[in-house]
Every structure is written in C-alpha cells, then in structure tokens.
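Here it is, the structure, as structure tokens.
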C-alpha cells in the first residue's frame, strides 16, 4: 500500500512540474510581435539640473567644465550661425553673464538614451565687451547618454517675441488652406532614418497645403518652439495652416545622429515676403515602432541688421 501511495505521489508531482502554472505567461512564439519598449523618462528636475550646470559653467567662465559636458559632434543653432563644438566654445568665451533666471521647463523623452528639454531663460550681461539689454530667450537642448555619461549634443536659442499672435488667414483664402480631396492628394512618401529626406517630405506637404499629411508626420507628443509660443501637435498643425509655404526654399542642411533611433537635422528656410525672410530650423526625428516621426522642432529667425530707419509694420514669423 505504501509503495502504491508513493507511486501516485510521484506521478502527481511529475504532472505538476510538466504543467505551467495558470498565472505564468506563455513564452511568445518566434514570429509574434512584441510591444514597443517603454521609454525611460527623465524628470523636469533632472533635466533642469543638467542644463543649469552648463549655464553655470559658462557664467563662471569654467570653459573646460563646459566643454566636458558636450559631445564631440555637438551642434549649436542661433540667429547668428550654426556652431560645432569648437565654435561654440569660442563663442561663449566672448560672453559675460551677470544674471541668469529660468522658467517654463518642459522635458520630452526621445528614447532610453536621449531627451530634449526646452525652457525660457532671461539673461543680462555683455557679448564681446558690449552690454546687451535684458533678453528673454527660448532655449532647447538635447542630451544623450554616451558611455554612461549624459552629454549635450544640441542646443538652440530663439529670442522671445512679445506682442499679438499671428493674424488668422486672410478672408477668402480659408478654403485654399484646407486639405486637398482624397482624389487630388498625391501619395505620401515614407519617412525613414534619413532626417534630411524626412524634412523635405514635411515641406512638400506644407507647400501643397496637405495639413492632414503634415499632422501624420508628427509624433503624438510633438513640441514646436517658435519666437511667439511653444506649441503641442495640435497647435503646430493650426499654426502652419495660417501661412503660404509654396515659395519656401531649403538649404544648408546638417544632420547629427543621436543613436539608431533618433537624429537631428538643421537647415535654412527662406520665404520671400516674410519678415525676416530667413530662419534656421531644426527637427528631431525619432523611430516609433518602426515609423519615423518628427518629435521636436524649433525655428530661429536670422539676426536683423541694425535699423537705419523706423521699423516697418511687423509681419508674422514662420512656423514649421
């Protein structure tokens, strides 16, 4: 009898081991699709700490420390020029900051190894020995993790524009701003890891006033920084519908690869009739579940020459 009980116990144990527990997830089959890996989010506080450290190094004129915070392929975009790492280091040596205050922090995760942070900074000081008036700037920086260390790979600044928002589309032109009918709509080109090619696809959609196609090229969390505002995706789509981009020309492209799933492209946009007629634009493109989308965009008007006559009535600056 004891031998029989022992045998039954052994059989029961063997069955239990062979049968997976009810709450154990079955292993995915080799061909099954997997959910996208969640993106690690850097908090506003952590992003602000990194960004403030860079500004603090500049203010203290600790240029060695500032340089150690930048990647070798670092790029900086402002109204004067596009700088590489060496050019940026030379430029900040001409800058003497007496007061720096921050506000309006917003952090957007790019992927597990990169994020972009945008904010408003108010500065006082001098440049090349000449004092400049208190200035409010929209600053943005992308940071990447390289060999376990967070480094800045991109920075852009745009002077804050104060005043009324851009006017609505002119009367009688609202129909022209609408998206074309499906029968008239050309096939939308596919985006990929080539950030410059992706950006040209965006501008093709804008030139033909296909704002549905434009919206489809933006990530859900897309953010746009312009002189007059910081916009979400809905704000960007609404903003571009107020402009005529048919005569826009693009030039001076430069691309910086963050990693296999993210790249930045910066370039010049010129639109005759706009004031100013040229801006430096930058876009961060990201791979989201196999589709490349625009995550972040910033526009910076070129610096105007000193006025020799009363300024003409202002016109709206360009949007993406």
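None of the figures in this text is laboratory data; all of them are computed from the coordinates on show. Note that the structure is a prediction, hence the values are computed from the model and not measured. Glycine also receives a Cβ, built like all others from the backbone with ideal geometry; neighbour counts cover every protein chain displayed.
On a C-alpha basis, how far is the centre of the stretch 258-292 from the centre of the stretch 105-153 in Å? Whole number, if you could?
The distance from the Cα centre of the stretch 258-292 to that of the stretch 105-153 comes to 17 Å.
Would you mind checking the stretch 117-134 for residues with the amide N under 15 Å from a putative spin-label position 7 Å along Cα→C-beta of residue 105?
Backbone N within reach: 117-122.
What Kirkwood hydrodynamic radius do you get for the stretch 239-286 when you take the inverse of the mean 1/r over all pairs of distinct Cα atoms, in Å?
12.1
Plugging the Kirkwood radius over Cα pairs into Stokes-Einstein for the stretch 174-301, at a temperature of 25 °C and a viscosity of 0.890 mPa s, what D comes out in µm²/s?
164
Next up: Return 208, 41 ranked ascending by Cβ neighbour count within 10 Å, so the fewest neighbours appear first.
41, 208
So what is log10(I(q)/I(0)) for the stretch 44-159 at q = 0.22, 0.23 1/Å, when the Debye sum runs over its Cα atoms only?
-1.46, -1.61
Now for a different question. With label points built 7 Å along Cα→Cβ from the Cα atoms of residue 212 and residue 250, find their separation and express it in nm.
About 2.3 nm, to one decimal.
Sorted by average packing, counted as other Cβ atoms within 10 angstrom per residue and highest first, what order do 295-302, 220-227 take?
Going by the mean number of other Cβ atoms within 10 Å, highest first, we get 295-302, 220-227.
Share of antiparallel DSSP beta bridges in the stretch 44-159, in percent to the nearest 5?
That works out to approximately 90 percent antiparallel.
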